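Read through the structure below, which is laid out as C-alpha cells, and then see the notes.
The values are calculated or read from the model by the stated rules, or taken from the named source; none is laboratory data. On a predicted model such as this, the values are computed, not experimentally measured, just so you know. We place every Cβ from the backbone using ideal geometry, glycine too, and count neighbours over all the protein chains shown. In case anyone asks, the SASA skips ligands and DNA or RNA and just uses the protein heavy atoms, side chains included. Shrake-Rupley method; radii C 1.70, N 1.55, O 1.52, S 1.80 Å.
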Amino acid sequence: MAMVKYKVNKWLLLKGMVYCLAWFLVIGCSAGTNDGQEKPNIVLILADDMGYGDVSGLNPESVVQTPNLDQMMESGIYFTEAHASASICTPTRYALLTGRYSFRTGLNGVLTGYSKPIIEYNRETVASLLSKAGYKTAIIGKWHLGLEWQAKDTTKPVYTRDKFIPDNLNVDYSKEVKGVQEIGFEYSYISPAGNNLAPFTFI
C-alpha cells in the first residue's frame, strides 16, 4: 500500500468528486472551514487487497492502468513506504481512525455486518479531530467497524452469529443506524462490511 499526500488542488474538493467501490474506505475533509482560514483538503483512500505495484504510476508494468491516481501523484507528494497495523481490514481501519493498536480492543479478527461499533463514541478519531479543527468530514465506501442496529424486539439480540452468516435476525431496518456520525463524520455513504458479508446494502 502506498500512502499519498496531496497538494491543494481544486479538483480534489470533496463535493461531487468521490466515486468508489465497496472495497474502499474514503475519508474526505473539505477545506470549507468555519474559521475562514485557508486549509488544505484531505482525501485519504484505504483500499483492501491492493499493493504497491497495482498503481501504474509506481509500476509501469501494472496490469491495470490507474491514470487518476497517477495524476494525483504527479500533482502532489507521494511516499513509497508505509506500514499497516494488521493484515486484515477491520483492525487496520480501527488503527487508522483512532491511532490505537487494534489488539487493545480484544479484537482478533474482523467484524460482521451486524457487529456492534468497535470505536467508542467518546474516543478521539481522525474525523472528530479534524471536525474540531473546522473541517467538514465525510466517509464513503466500506465501513466494517460495526454499527448500532436497532432491534425489533428489544428483549432479544440483533442477531446470532454463525461463521459470518447471521441467524435469527432481529433488525428493524426502518430505524436509524448509528456508529458513524457519532465518531465525527458529518456525511456518510457506506456499506456495513465487505461485499461478501450481509447485509448487502448501502447506508
Could you derive backbone 3J(HN,Hα) for the range 189-203 from the dihedral phi with the Karplus parameters 6.51, -1.76 and 1.60 (θ = phi - 60°), listing whole Hz in sequence and x where the residue is Gly or Pro? 9, 10, 9, x, 8, x, 6, 10, 10, 5, x, 8, 8, 10, 10
Could you name the aspartates and glutamates in cross-link range of LYS136, using Cα to Cα under 20 Å and dropping any fewer than eight places away on the same chain? ASP35, GLU38, GLU124, GLU182, GLU186
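Quick one: ranking LYS39, LYS152 by accessible area, 1.4 Å probe, largest first, what do you get?
Largest accessible area first, the residues go LYS152, LYS39.
A 23 angstrom limit on the alpha carbon distance is what I want to check against. Which of LYS132/LYS175; LYS152/LYS178; LYS39/LYS132 exceed it? Walk me through the intermediate numbers first.
Values: LYS132/LYS175 28 Å; LYS152/LYS178 15 Å; LYS39/LYS132 13 Å.
Cα-Cα > 23 Å for LYS132/LYS175; rest within.
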Modelled label-to-label distance, ALA151 and ASN196, 7 Å Cα→beta-carbon offset: nm? 3.0
In Å², what does the accessible area per residue of the range 119-203 work out to with a 1.4 Å probe? 55
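Highest first, please rank the peptides 126-132, 98-104, 154-160 by the mean number of other Cβ atoms sitting within 10 Å of their residues.
Working: 126-132: 17.7, 98-104: 15.0, 154-160: 13.1.
Ranking, from highest mean packing down: 126-132, 98-104, 154-160.
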Could you work out what % of the accessible surface of the range 67-197 is carbon and sulfur, using a 1.4 angstrom probe and leaving DNA, RNA and ligands out of the count? 51
